Structures are given as structure tokens and as C-alpha cells.
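A quick write-up on the structure given underneath.
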Amino acid sequence: MTYYDLPDTKGGAVDRDSVGRLFQAAADGDAAAWKALVEGLSPLVWSVVRAHGLAEADGHEVYQTTWFRLAQHLRRIREPDGVGSWLASTARHECLKVIRSARRLSPTDDPEILDRAGDGRTPEQAVIDSEEAEAEAERIRQVWAAFQELGENCRRLLRVLMASPPPSYREVSAALGIAVGSIGPIRQRCLRRLRARLAERGVR
Amino acid sequence: MNGGETPGGGRAGDDAIEDVLRHAAGIIDPVPAHLLQAAVEAYALASIEAELAELVFDSLTQSAPVRGTDRPRLLTFRGNGLTLDLEITAGRLVGQLLPPQPAEIELLGGRSPAAALTADAAGRFVCDRVAAGPFSLHCRAGGAVITTEWLTV
């Protein structure tokens with residue numbers, strides 16, 4: 001079984017009961033369930049790291065620490081269904097510590113960092129490698145460029161929302177430390193700005 | 001820009017453009033493959049037979065950020081009747097095990113192989129090379145074995 005075989009209820013995110021079941025199975029010794037859990041929730045953890053704008057190496061370390069910690073707590077987490085929120089919250093707190101840490105340079109607003117894929121490729125290379133049809137590739141470039149132009153708050157929220165599968169608002173709340181109730185309105189506003197940017201670029 | 005809905009707006013439009021972003025992120029900024037692999041392999045950590053020592057104090061959550069200074073990171077872990085006080089400054093770790101007693105300690109990092117340390121009769125131990133990154137200590141003292149919660153140093 002892989003995570004992607006699970007029923008995906010769009011908007012409300014993935015079937016959280018299944019996450020709970022995978023987690024329980026992993027806790028009971030099922031390595032395949034653990035792998036499925038990692039594959040299913042890694043994009044969420046990664047998006048939390050990226051949303052905090054850490055330098056590349058720092059981001060990699062936080063991602064790893066977050067998963068190492070979950071493995072450690074595998075038999076101690078009392079609410080298996082909330083494992084996505086647990087990961088998001090753990091990643092957020094590690095990100096904040098890295099940002100505060102004296103040994104680090106200041107967290108960067110350098111667009112180069114957010115602009116670079118996690119594996120060091122430029123967005124342009126990544127799009128070329130994806131072998132999307134030219135029209136679609138161009139749309140992806142434009143949407144990504146417009147996203148980068150948004151203010152920090154919008155970039156941060158949207159970077160988490162664009163995790164795959166779509167995170168629940170509870171997970172988004174844990175990822176960013178904002179109230180569940182404020183996510184919808186901010187999302188709406190940020191997407192409206194994104195659309196305006198795209199309209200300026202003549203992209204529909 | 002006025003506050004009205006632009007064409008293609010509304011709830012369906014919001015979902016559609018978020019999906020395009022999701023697709024773009026999957027291509028432009030995916031989870032690096034080697035990180036995914038490291039997380040899959042972390043399952044081995046779940047089977048370590050040791051009491052978890054929880055992080056009960058971290059100077060980074062207490063102090064205001066001060067940039068450019070090399071202030072020590074102070075950490076306290078507690079579990080199974082043992083306390084570990086750690087002080088990390090510029091890659092150097094000074095530790096104190098309480099109650100004071102000799103112990104075998106392994107320093108686990110994300111990348112490097114484990115380093116073996118020894119706590120003296122007073123429970124003190126030192127490591128001069130602590131690499132930045134994920135960090136955990138595995139400590140065997142008397143009959144007790146504890147492992148500290150992972151964190152990033």
C-alpha cells in the first residue's frame with residue numbers, strides 16, 4: 001500500500017484516518033507503513049522548512065531532525081491522526097530555533113534561496129527536466145515567478161498550502177503558528193494578489 | 001487593484017490556482033531525494049531500546065536572539081532518573097551527567113558516524129568536534145540507558 005492509493009478528498013486534504021492507520025502500523029513494526037507515511041507527509045515537512053526561508057543546509061538539517069524525532073516518538077504519540085500537525089509543529093519550532101541560533105547567519109530574505117530547488121537546480125532547469133509541454137512549462141514558470149514576487153507573509157502561507165497532498169488547516173496552523181480561522185481569509189487575499197500579478201504578466 | 005473579484009476568482013478559481021502552485025512546487029522545489037531516503041531510514045531509530053530523555057530546557061527558546069555573538073547553547077535532557085546538562089559552544093560540547101557517575105556516551109549526528117565519549121566519575125564529558133546538524137546522545141550509565149530527543153545544533 002502506498003500513501004497515494006489512499007482516498008484523497010480534495011480541499012479537506014487526505015483522509016486523515018489513513019494517516020492514523022499508517023502511523024499505528026508503523027508503530028507496530030510495519031516498515032512499509034513508515035515509508036508510506038514518510039512519502040505522504042514529507043512534502044508538508046519540506047514546505048514548512050521552505051516557508052521559513054532557511055539556508056539550504058539548515059533546511060536539510062531541520063527536515064532530518066523532524067523525521068528523526070518522529071521515529072523516536074513513534075510509540076509515544078497519543079493522537080495518531082494528528083501526526084501531520086505534530087510534524088508541522090516540530091519542523092516549525094526547529095526552524096525558529098535555527099533562525100535564533102547565534103551560530104547561523106541571519107535568516108535570509110535572499111530570493112536566490114527560495115528560488116533554488118532543494119537539489120540545487122535552478123527553476124529553469126527543473127522545468128526543462130520535467131518535460132512538460134511548452135505551454136504548460138511556460139505557465140509553471142510564470143506562476144512560480146509571480147509567487148516569488150509576493151510579500152513574505154503570502155509566500156510563507158502559500159508555500160505551506162501548496163504541499164502535496166493539500167494540508168489540512170490544522171496542519172497549516174501548526175506549521176505557521178497562526179489561528180485556523182485566519183487561514184481562509186489570508187489565503188483568499190494572497191491568491192487574489194497572485195492572480196493580479198499573473199494578470200500583469202498576461203497569464204491566465 | 002480593487003477589492004472585487006478578478007475573472008477566474010472565487011472559490012473554484014482559488015482552488016485551481018493553488019493546484020497550479022502545487023504542481024509547480026512539485027517540479028521546481030520537490031523534497032530532495034536523499035532527504036526522503038534519510039527519513040525512510042530513520043525508522044531504525046524507532047527500535048532503539050532506550051528510555052527517551054526529553055528536552056526540558058533549551059537556551060534558544062529563552063533568550064532574545066543576539067546576532068554575531070557566540071553564546072553557548074544550553075540544553076537539559078531528563079529521563080529515566082538521569083539528567084544531562086549540555087553546553088555547546090562553537091562545535092565544542094561540555095556535558096554533565098546527574099547524578100554524577102561514569103557513563104558510556106555515544107554522540108549521534110545526521111551525517112557522521114557515532115562518536116564514542118566517556119563520562120568520568122564526576123559525570124563530566126567533553127567532545128571537541130560537534131558537527132552542526134541533527135544531534136542526539138545515547139547514554140549508558142549503570143543499568144540505565146537513555147537517548148536524547150533529536151534536535152538541530
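Couple of notes before you dig in:
- Evaluated with a Cβ-only charge set (Lys, Arg +1; Asp, Glu -1), region A:163-204 carries a dipole of roughly 280 debye about its Cα centre, given to the nearest 20.
- Relative contact order, whole percent, for chain B stands at 18, derived from Cα pairs under 8 Å and 6 or more residues apart.
- For chain B, share of DSSP beta bridges that run antiparallel, in % to the nearest 5: 95 percent
- In the context of the full set of protein chains, residues of chain B present 49 Å² of accessible surface per residue (probe radius 1.4 Å, heavy atoms only).
- On chain B, 54 percent of the accessible area sits on carbon and sulfur atoms, based on a 1.4 Å probe.
- Modelled FRET efficiency - R0 22 Å, A:Asn153 with A:Arg121, Cβ distances, 0.05 increments: 0.25
- Only Lys, Arg (+1) and Asp, Glu (-1) charged, at Cβ; region B:48-152 dipole about Cα centre in debye: 360 debye
- The accessible-area loss of region A:147-174 on complex formation, taken against its chain alone with a 1.4 Å probe, reaches 50 Å² or more at A:Met162.
- Based on DSSP H segments of at least four residues, each scored -39500 (n - 2.57), chain B has a per-residue ellipticity at 222 nm of -6500 deg cm²/dmol.
- B:Asp19-A:Glu56 pseudo-label distance in nm [points 7 Å out on the Cα-to-Cβ vector]: 3.4 nm
- Between chain A and chain B, the total buried accessible area stands at approximately 5700 Å², from heavy atoms with a 1.4 Å probe.
- For region B:53-153, the residue among B:Pro113, B:Ala53, B:Gly133 whose Cα projects farthest onto the positive side of the dipole built from Cβ charges is B:Gly133.
- Zone of B:Glu51's modelled label, taken as backbone nitrogen in region A:60-92 under 19 Å from a point 7 Å along Cα→Cβ: A:72-77
The values are calculated or read from the model by the stated rules, or taken from the named source; none is laboratory data. This is a predicted model, so every value here is computed, not measured. Quick reminder, even Gly has a Cβ in these numbers, built from the backbone with ideal geometry, and neighbours come from all protein chains shown. These accessible areas exclude ligands, DNA and RNA; they are computed on the full protein's heavy atoms, side chains included. Shrake-Rupley method; radii C 1.70, N 1.55, O 1.52, S 1.80 Å.
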